[in-house]
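A short worksheet on the structure shown next.
The values are calculated or read from the model by the stated rules, or taken from the named source; none is laboratory data. As the structure is a computational prediction, the values presented were derived from the model and not from experiment. Because the Cβ atoms are built from the backbone with ideal geometry, glycine has one as well, and the counts that use them run over all protein chains shown. Ligands, DNA and RNA are stripped out before the accessible areas are found, and what is left, the full protein with its side chains, is counted by its heavy atoms. Shrake-Rupley method; radii C 1.70, N 1.55, O 1.52, S 1.80 Å.
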Amino acid sequence: QVQLVESGGGLVQAGGSLRLSCVASGRTFSSVAMGWFRQAPGKEREFVATISWNGGATTYGYYVKGRFTISRDNAKNTVYLQMNSLKPEDTAVYYCAGATVYYAGVFPASYANWGQGTQVTVSS
């Protein structure tokens, strides 16, 4: 079973930046897609970004495009989410997710493994 552990969340003022990290256990990390999702209180889990197995393809939710960047380091079994120009509406628990295929889409059902989440709070 793949385990995913997120870190890097916290409290930041609007306009600020944070970088989330997700470290994966197991030997399959470098051959599968990874994604980030978020869930705000009272809302459904929402797609943020995904990256293919080799980093060659990325997709973003329109609400974060141009502000967030997903990347990965397969040598370190780690995927990152650089978040710039943060807004109060970005406040949520952010989850790292691992797929079982080279490239996954925007739906949570496409991902088999999930981290425990890290809280991001953006104050106005």
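Numerical summary
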| quantity | calculated |
| --- | --- |
| Total residues in the stretch 113-124, condition of a type in the set (Gly, Ala, Ser) and either assigned to a strand (DSSP E or B) or open to solvent by 30 Å² or more (accessible area, probe 1.4 Å) (or both) | 2 |
| Filter result (open to solvent by 30 Å² or more (accessible area, probe 1.4 Å), modelled with pLDDT of 95 or more and not acidic (Asp, Glu)) within the stretch 76-101 | Lys76, Asn77, Tyr80, Gln82, Asn84, Ser85, Lys87, Pro88, Thr91, Val93, Tyr95 |
| Filter pass, Ser110 being open to solvent by 40 Å² or more (accessible area, probe 1.4 Å) and on the phi > 0 side of the Ramachandran plot | no |
| Long-range neighbours under 6 Å by Cβ, at least six apart or interchain, first residue part of a strand (DSSP E or B) within the stretch 1-30, second of a type in the set (Asp, Glu) and open to solvent by 50 Å² or more (accessible area, probe 1.4 Å) | none |
| Residue list for the stretch 13-70, restricted to those being open to solvent by less than 10 Å² (accessible area, probe 1.4 Å), in contact with a Gly (Cβ under 9 Å, 6 or more places away or on another chain) and either over 17 Å from Gly117 (Cα atoms) or among the charged types (D, E, K, R) (or both) | Phe29, Ala33, Ile51, Phe68 |
